[in-house]
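Following: one structure in structure tokens, then a few remarks.
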Amino acid sequence: MGKKQKKAEAETDAERVENDKAENELELDNGDSHKKKRRKKNKERNEIDREVIEAKEIPTVSVAISGSIINNAQSLELATRLAGQIARAATIFRIDELVVFDNKSSYEKEDRSLTTGNNSDENESGAAFFVRILRYLETPQYLRKALFPKHYSLRFVGMLPPLDAPHHLRKHEWAPFREGVTLNEKVPNSGETLVDVGLSKNVAVNQVLEPGIRVTVAMGTNRNLDADPPRQVVSLLKPMEEAGMYWGYRVRYASNISSVFKDCPYKGGYDHLIGTSEHGLVINSSELSLPAFRHLLIAFGGLAGLEESIEEDSNLKGKNVREVFDSYLNTCPHQGSRTIRTEEAIFISLQYFQDPINRALHGVQH
């Protein structure tokens, strides 16, 4: 590792820890009640994929959704189905980050009511439930047992259609990268760790890591699992950078809508914010011109829309939606129903934005 890279990583350590603070407050990464141990694992995982916040060459698209939409579901099964639809939409349209936000004031930010260390908790908040299901579905099937202990909120996940994302590989499939989980077993007399990557045999990686950490492993081209040297643990960006592969979405919790923007994990923050609403501006998708961007965010409100989320956020006091967002759009005008559910709006809107995003990324001007 060169001096320049070491310096860059040192500069981003503090920023990454701060950005993950809200996510860690949920304490639902794996339903583990041993908080210190979990935080240590989170820190190690953050050190491994720290390059995500320094993504400069690869533009990203994030989606922010109000956690209140879960509260409208009439049963745990229906709530699970709703979260599954959001996860499917994010995967189909190659979304890089999903942010679930609450409508909390700044003084409520430290509220620990979202803590879900108890695996039998039947009263998990809507946002905590939403985050748990989204993370579970994004995780490859062969890793779920190791990373997600049994939990009441996961009772109905088995009925959801799989995301079938590129990193959800079958046992017989070979790919240049695979997701894995570090194991307790160590390679004798070496600085290596065994990792379960969902193949017939565990692989060794060239780092000493704590067990139970999810990692991305560069598999190379040699399919001999006994081959030397050991495989490498790489950034989550590598599959996209080197192979153009979509590698799933990251999930982040925000206590309020202002935290969605303020705690952006990308260096420099989001450079274009889009709000969606039936009260937004009507522009045909073919005529919508987006500026060139590095990190785009598209926000969807809850049961009362983005307007309510902004009104209830003390950090945005006195501001209206058009002051908060760079663009405020109605992506489904002339609707026949008086309401469009958020899970429907996401599919409609992400399809609406496909061509404008592609034109912005390729520098096509009208």
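None of the figures in this text is laboratory data; all of them are computed from the coordinates on show. Please read these numbers as outputs of a predicted model, since none were measured by experiment. Note: ideal-geometry Cβ built from the backbone for every residue, glycine included; neighbour counts use all protein chains shown.
Once the chain from ARG155 to LYS201 is taken as fully extended at 0.36 nm per residue, the excess over their C-alpha distance is 13.6 nm. Where does the range 223-297 land on Rg/Rh, using Cα atoms and the Kirkwood Rh? Result for the range 223-297 is an Rg/Rh of 1.14. If you sort the three axes of the alpha carbon gyration tensor as a ≥ b ≥ c, you get a/c of 1.5 or more for the range 131-261 and a/b above b/c, which makes it prolate. Each peptide among 125-135, 216-226 gets the average number of other Cβ atoms lying within 10 Å of its residues, and from highest to lowest they stand as 125-135, 216-226. Checked against a 23 Å cut-off, the cross-linked pairs LYS186/LYS238; LYS145/LYS171; LYS150/LYS238; LYS145/LYS186 give Cα-Cα distances beyond that limit for LYS186/LYS238; LYS150/LYS238. Based on the alpha-carbon gyration tensor of the range 151-219 and its eigenvalue square roots a ≥ b ≥ c, which shape applies: rounded if a/c is under 1.5, prolate if not and a/b is larger than b/c, or oblate? Because a/c hits 1.5 or more and a/b fails to exceed b/c, the range 151-219 counts as oblate. Label-to-label distance for ASP226 and TRP174 is 1.6 nm, based on points extended 7 Å past Cα in the beta-carbon direction. Spin-label model, TYR246/ALA73: points 7 Å from Cα along the beta carbon direction are separated by 2.2 nm. Under 5 Å from the amide H of HIS272 lie the amide H atoms of HIS295, LEU297, each residue being 5 or more positions distant or on a separate chain, with H modelled from the backbone and absent for Pro and chain starts. Quick one: of the DSSP bridges fully inside the range 194-340, what percent are antiparallel, nearest 5? Bridges in the range 194-340 that DSSP calls antiparallel: roughly 40 percent.
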